[in-house]
Every structure is written in C-alpha cells, then in structure tokens.
1. How many residues, within the range 1-40, are in a loop (DSSP other than H, G, I, E, B) and in contact with a helix residue (DSSP H, G or I) (Cβ under 8 Å, 6 or more places away or on another chain)?
2. Of the residues 43, 54, which is more than 25 Å from the chain's Cα centre (by Cα), part of a helix (DSSP H, G or I) and either at pLDDT 95 or above or closer than 22 Å to residue 2 by Cβ (or both)?
Amino acid sequence: MAPSEYTTMEPSELDDKLIESRKELFNLRFQKATGQLDNTARLGHVRKDIARILTVLRQQELGIDEEPVLLPAAGTVAGSTSSRRAARQAEADEAETDDGADGADEDDEDEAVDEGIVDEGEEEA
C-alpha cells in the first residue's frame with residue numbers, strides 16, 4: 001500500500017492492517033526458514049509496511065497531520081558544499097577586514113616570531 005493510503009484510514013482499520021501484516025511477516029519468515037520462500041524482497045516490503053502503519057498510528061495519537069518537510073538533495077544549490085564553503089570564506093574575509101584595522105602590526109610580529117624570523121627577545125619595534 002502507498003503511505004498516503006494509511007493516513008486516510010481510521011485507527012481501528014490500521015490496527016487490523018497491522019495485525020494482518022505481522023501475521024504475513026511471520027509466515028514469510030517461516031517460509032524462508034523452511035526454504036519455501038521464492039520472493040525474499042517481500043520480507044522487506046512487509047516490514048516497511050508495518051513501520052509505516054506504526055508511524056501513522058503514532059502521528060494520529062499525537063495529532064500530527066502535516067506532511068514532512070523535504071530538504072534539498074545533495075548537489076543542489078541550497079545544500080551544496082560549495083555554497084557552504086563560499087559562506088565560510090566570506091565570513092573569514094569579513095573577519096580579516098575587521099581585525100586588520102586594529103592589530104595588523106601585532107599579528108605580523110607574532111607570525112614573524114612563530115616562523116623563527118625574529119627571536120622573541122629581539123622583536124622589531
């Protein structure tokens with residue numbers, strides 16, 4: 001069944017469908033154990049149907065009726081890695097311009113000391 005069909009069912013109908021699906025899953029597992037199961041993919045379908053039914057029952061219990069929000073797929077503009085990198089680079093560039101006005105000379109001296117160009121005791125004035 002399609003997931004949208006479960007949302008239109010009453011809780012009592014869903015309970016009946018849940019019992020039916022669990023019995024079917026039991027029978028499929030039994031057939032698999034005895035070597036009589038031809039379509040093993042059916043096991044996964046039934047398990048997913050059970051999960052869908054339980055989800056719809058829980059949503060009805062909590063009063064959640066809205067559709068899930070779909071996020072953009074990877075590789076699209078909104079969710080792409082390059083746009084996140086560009087945003088981080090823009091933040092870094094902005095931070096550099098903000099810091100550059102105050103302590104640019106101090107940062108240059110610290111870098112020179114870190115690189116071993118100037119000894120700590122002989123810092124440039």
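1. As a first pass, look at the range 1-40 and keep what is in a loop (DSSP other than H, G, I, E, B): 1-2, 8-10, 35-40.
Checking which are in contact with a helix residue (DSSP H, G or I) (Cβ under 8 Å, 6 or more places away or on another chain) leaves us with 1, 9, 37, 40.
The qualifying residues number 4.
2. On the way: 54 fails: more than 25 Å from the chain's Cα centre (by Cα).
Every option except 43 fails the conditions.
The values are calculated or read from the model by the stated rules, or taken from the named source; none is laboratory data. Everything numeric in this text was worked out from a predicted model, so none of it was measured. Counting neighbours? That spans all protein chains shown, and the Cβs are built from the backbone with ideal geometry, glycine included.
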